[in-house]
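Every number in this text was worked out from the coordinates using simple rules, so none of it is lab data. Model, not experiment: these values are computed from the prediction. Backbone-built Cβ (ideal geometry, glycine too); neighbour counts: all protein chains shown.
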Amino acid sequence: MIKTAEGFNVEKIRNDFPILNRKVNGRNLVYFDNAATSQTPQQVIDCIVDYYQNYNANIHRGVHALSQEATEAYENARRIVQRHFNAKDFKEIILTSGTTHSINLVASGYEKFMTAGDEVLVSGLEHHSNIVPWQMLCEKTGAQLKVLAMTEEGVLDMQSFEDLLNFKTKLVMVNHVSNALGTINPIEDIIEKAHAVGAKVLVDGAQATPHIKPDVQALDVDYYTCSAHKICGPTGVGMLYGKQELLEELPPYQGGGEMIDQVSFEKTTYAGLPNKFEAGTPNICGGIAFGKALDYMNSIGFESIAAYEQDLLDYATQRLNEFDNIIIYGPNTDAKTAVISFNFQGLHPYDVGTLVDKMGIAVRTGHHCAQPIMEFFKIPGTIRASFSFYNTKAEIDLFIEALQKANSMLL
Ligand SMILES: *Cc1c(COP(=O)(O)O)cnc(C)c1O
């Protein structure tokens with residue numbers, strides 16, 4: 001059964017988000033910058049407060065009660081993440097500081113496996129954090145970086161993918177959803193074709209996970225990443241999923257406490273998974289809150305979230321199309337998540353963003369950490385409105401009113 005947006009109790013959900021009650025420049029806040037970071041529900045805020053009020057301690061080390069409680073809560077959060085992504089084993093879940101950390105961890109590990117002549121394939125729709133670590137890897141190893149082209153519609157050119165893919169391709173990097181345009185990429189197809197030539201695939205899930213619940217086993221993906229702050233969790237925590245056999249081979253990223261088995265000045269042996277990749281005291285509270293955030297989102301349900309957000313996206317797109325000087329970038333609404341990247345002809349996105357902020361509306365303007373996409377469209381940036389399940393059509397109407405004002409002031 002396909003779920004519809006009907007019956008979605010957005011007013012009840014909004015009560016979970018205290019920040020939505022605040023004013024900005026004298027107006028009610030309208031927060032449409034969810035692709036940059038999501039807001040935090042009271043349940044997650046309470047979880048953070050509870051940790052510091054009641055059981056703040058270092059984990060995996062002390063025998064005392066607080067340390068045991070903190071360790072149990074942290075490891076329980078790892079199990080929540082494991083279940084959410086349907087990983088086979090908890091050892092495949094590395095808790096990191098976020099997507100950027102996760103990608104750097106993998107890229108740094110591949111220095112061991114790459115040589116001149118090898119190729120890595122990066123999609124043209126990537127966030128800088130899924131471009132730069134691979135350029136650094138190529139610089140160090142002599143491997144070649146190839147770019148998978150995108151089309152005018154802002155979708156990946158799958159013919160270009162097949163043309164570029166060959167037996168020298170060691171790794172393919174693609175985001176599940178583009179943060180700049182909202183495009184949902186055909187990762188199933190990419191994974192299958194990459195595996196056929198023996199390449200591994202890293203999927204940057206930072207922008208997909210707020211809208212889609214991925215099943216890493218069904219996808220047969222090799223590495224998958226996300227950041228908790230985009231899925232109602234705190235900043236500074238996230239996840240790297242990797243297939244166990246791949247993570248076993250990958251060398252540790254950082255040395256330090258927690259990631260070792262035995263240390264002497266003659267020889268150090270490393271801890272098993274997942275600790276091998278978790279050197280030092282982690283973001284304990286953040287990890288626990290990450291688990292809470294996933295529980296919160298699952299209690300609403302990703303099918304309901306997707307249906308409701310699709311409805312918002314369709315409505316906002318229809319209303320934006322009332323302007324005759326608007327250009328919307330990226331694919332049609334059925335091929336993307338609830339993100340609209342657009343410009344007004346002849347207006348600088350920054351000027352529009354500044355004016356609507358004066359009216360209490362938060363949108364992102366600029367290149368969205370994806371300069372190659374802006375170069376492709378030959379624009380300095382876009383205005384990006386990104387919606388979440390706690391936004392409403394009434395907020396979209398306020399946004400349209402603000403844009404009408406900005407448009408007439410600037411034209
Ligand atoms: C936000 C984002 C990132 C970076 O995530 P951090 O939390 O800043 O590490 C990477 N890729 C995509 C697609 C994103 O949306």
**Message:** On C-alpha positions alone, give me the angle between the axis of helix 187-196 and the longest principal axis of the chain, in degrees, nearest 10.
**Reply:** 40
**Asked** Roughly what % antiparallel, to the nearest 5, for the DSSP beta bridges in the chain?
**Response** 60
**Request:** When a/c is below 1.5 the answer is rounded, else prolate if a/b is larger than b/c, else oblate, so apply that to the chain with a ≥ b ≥ c taken from the square roots of the Cα gyration tensor eigenvalues.
**Result:** oblate
**Request:** Round to the nearest 10 and give me the degree value, 0 to 90, for the angle of helix 65-85's Cα axis relative to the longest principal axis of the chain.
**Result:** 60
**Message:** Treating only the Cβ of Lys, Arg, Asp and Glu as charged (+1, +1, -1, -1), what charge dipole size does the chain show about its Cα centre? Round to the nearest 20 debye.
**Reply:** 820
**Prompt:** Tell me, what is the percent relative contact order of the chain, built from C-alpha pairs under 8 Å that lie six or more residues apart?
**Reply:** 23
**Prompt:** If you build a Gaussian network model of the chain, linking Cα atoms that sit under 10 Å apart, which residue out of GLN159, GLN39, GLN82 swings the most?
**Reply:** GLN159
**Prompt:** Using θ = phi - 60° and the Karplus form 6.51 cos²θ - 1.76 cosθ + 1.60, what ³J(HN,Hα) does each residue of segment 339-349 get, whole Hz, x for Gly and Pro?
**Reply:** 10, 10, 10, 8, 9, 9, 4, x, 10, 7, x
**Prompt:** Among ILE396, PHE377, ALA338, whose Cα sits farthest toward the positive end of the charge dipole of segment 284-411 (+1 at Cβ of Lys/Arg, -1 at Cβ of Asp/Glu, about the Cα centre)?
**Reply:** PHE377
**Complete:** Excluding residues fewer than 8 positions from LYS358 in its own chain, the aspartates and glutamates with Cα under 20 Å of it are ASP33, GLU395, ASP397, GLU401
**Prompt:** Given MET239, LEU148, ALA218, which one lies farthest toward the positive end of the charge dipole of segment 46-298, if we put +1 on the Cβ of every Lys and Arg and -1 on the Cβ of every Asp and Glu?
**Reply:** MET239
**³J(HN,Hα), Karplus 6.51/-1.76/1.60, whole Hz, each residue of segment 260-277, x for Gly, Pro** = 10, 9, 10, 10, 9, 6, 7, 7, 10, 10, 8, 5, x, 6, x, 4, 3, 9
**Asked** Between GLU6 and ARG22, how many nm apart are label points set 7 Å from Cα along the C-beta direction?
**Response** 3.8
**Of LYS91/LYS267; LYS213/LYS243; LYS23/LYS336; LYS146/LYS243, those spanning more than 28 Å from alpha-carbon to alpha-carbon** = LYS23/LYS336
**Charge dipole magnitude, Cβ of K and R +1, D and E -1 - segment 1-64, Cα centre, debye nearest 20** = 160
